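Take a look at the structure below.
The values are calculated or read from the model by the stated rules, or taken from the named source; none is laboratory data. As the structure is a prediction and not an experimental result, all values here were calculated from the model. No Cβ is skipped: glycine too gets one built from the backbone with ideal geometry, and neighbour counts run over all protein chains shown.
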């Protein structure tokens, strides 16, 4: 590959104009948080339902139960970590001297 071709890659004219990029409308934090909690609740209820179906000897594969249970477990861990970070942020704000 000739050196001229490589030099063209680094030219500023090839970069997009950042001023013309439209930003996506941002959701407010309350709505985002509420949707996350609702999603977590749905996943936990689904995991509970599938586990009950398996306990009642209904036709549910063990593979499906394990996948749903792991997904619910990961979602719950994420929610707990988000709660911990929010709590840390709140405590940090409370420690600030005004």
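Checked against the criteria, residue 4 does not count as at pLDDT 85 or above and not in a loop (DSSP other than H, G, I, E, B). Against the conditions (1) exposed (fewer than 11 other Cβ atoms within 10 Å of the Cβ); (2) touching a residue at least 40 places away in the same chain (Cβ under 8 Å), residue 89 satisfies every one except (2). Among the residues of the range 30-64, which ones are within 23 Å of the chain's Cα centre (by Cα) and either more than 25 Å from residue 81 (Cβ to Cβ) or not in a helix (DSSP H, G or I) (or both)? Selection gives 64 alone.
A single entry from 72, 79, 55 fulfils the requirement of being touching a helix residue (DSSP H, G or I) at 6+ places or on another chain (Cβ under 8 Å) and free of Cβ contacts under 8 Å to residues at least 40 places away in the same chain: 72.
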